[in-house]
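Peer 1: Below you'll find the structure I mean.
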Amino acid sequence: AQSVAQPEDQVNVAEGNPLTVKCTYSVSGNPYLFWYVQYPNRGLQFLLKYITGDNLVKGSYGFEAEFNKSQTSFHLKKPSALVSDSALYFCAVLTGANNLFFGTGTRLTVIP
Amino acid sequence: NAGVTQTPKFQVLKTGQSMTLQCAQDMNHEYMSWYRQDPGMGLRLIHYSVGAGITDQGEVPNGYNVSRSTTEDFPLRLLSAAPSQTSVYFCATAIGPPGEQYFGPGTRLTVT
């Protein structure tokens with residue numbers, strides 16, 4: 001079965017510092033991996049995806065993610081955090097034609 | 001172009017009552033899905049549909065019913081509400097490549 005795990009419920013980072021939100025995956029075959037963001041009282045928004053190709057994928061709002069096959073990880077990164085990046089972040093894996101299995105989420109707080 | 005709309009935004013039910021959560025999209029996409037979001041558990045897929053007249057179960061379908069008579073609408077029915085169904089419900093449609101989904105704003109349901 002395809003699944004992802006987010007080991008941290010909460011990540012705090014100072015504004016201007018780099019941020020990392022961790023995700024590990026367990027899949028059979030080649031993984032299709034995604035990051036979504038949820039701002040307060042809103043639905044989820046697609047950030048970026050890895051399908052194949054370059055291990056570093058770039059997405060919206062300056063975020064990027066690094067796919068690491070040997071460590072079965074897909075960590076979300078940003079070089080310089082903004083207060084407005086504070087939100088709930090979800091890692092997900094494609095499980096069917098279009099279905100997603102989501103991780104439990106990581107709350108990112110950027111401290112001014 | 002409203003995207004994905006969900007009604008109502010909030011609802012309180014008593015145990016045993018029934019209700020329908022509405023979801024509509026104006027993007028003419030075939031794929032639609034329902035998720036529930038619970039603290040510490042991420043989003044879990046309830047039901048999905050790959051086109052009018054076609055529905056299938058996701059990870060947590062028990063207690064929920066769906067139908068898809070048109071491309072635009074994908075209602076979720078609770079036949080006899082239980083406190084365990086207290087959650088935030090999100091409807092989503094696929095916006096193109098597999099896994100890239102557009103989420104509605106959600107319905108917060110409380111069952112007492």
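Coordinate-derived values only; no laboratory data. Please read all numbers here as calculations on a predicted model, not as lab measurements. Because the Cβ atoms are built from the backbone with ideal geometry, glycine has one as well, and the counts that use them run over all protein chains shown.
Peer 1: State, as an integer percentage, the relative contact order of the stretch A:17-112 based on alpha-carbon contacts under 8 Å between residues 6 or more apart.
Peer 2: Relative contact order of the stretch A:17-112: 32 percent.
Peer 1: Here is a follow-up. Which of A:Asn68, A:Tyr36, A:Val110 sits closest to the plus end of the dipole of the stretch A:15-112, meaning its Cα is farthest towards the positive end, when Lys and Arg get +1 and Asp and Glu get -1 on the C-beta?
Peer 2: With unit charges placed on the Cβ atoms, the residue in question is A:Tyr36.
Peer 1: Determine the dipole magnitude for the protein assembly as shown: charges of +1 sit on the beta-carbon of Lys and Arg, -1 on that of Asp and Glu, nothing else is charged, the reference point is the Cα centre, and the result goes in debye to the nearest 20.
Peer 2: Working: 15 positive and 15 negative charges, 75 e Å.
That gives a dipole near 360 debye.
Peer 1: Arranged from highest to lowest average of other beta-carbon atoms within 10 Å per residue, in what order do the peptides B:10-20, B:48-58 appear?
Peer 2: B:48-58, B:10-20
Peer 1: If one computes the Cα centroid of the stretch A:37-81 and of the stretch B:17-42, what distance in Å separates the two points?
Peer 2: Value for the Cα centre distance between the two parts: 24 Å.
Peer 1: Please compute the average number of Cβ atoms from other chains found within 10 Å of each residue's Cβ in peptide A:30-42.
Peer 2: 2
Peer 1: Got a sec? How would B:Met41, B:Met32 order by Cβ neighbour count within 10 Å, fewest to most?
Peer 2: B:Met41, B:Met32
Peer 1: Please average, across the residues of B:102-108, the number of beta carbons from any other chain that are within 10 Å of each residue's own beta carbon, and give a whole number.
Peer 2: Per-residue shielding by partner chains comes out at 3.
Peer 1: Further question: Is there a simple number for the mean count of other chain Cβ atoms within 10 Å of the Cβ of residues in B:37-46, and what is it? Provide the component values of the computation, followed by the final result.
Peer 2: Details: counts 7, 1, 3, 3, 4, 11, 11, 2, 6, 0.
Taking all residues of B:37-46 together, the mean is 5.
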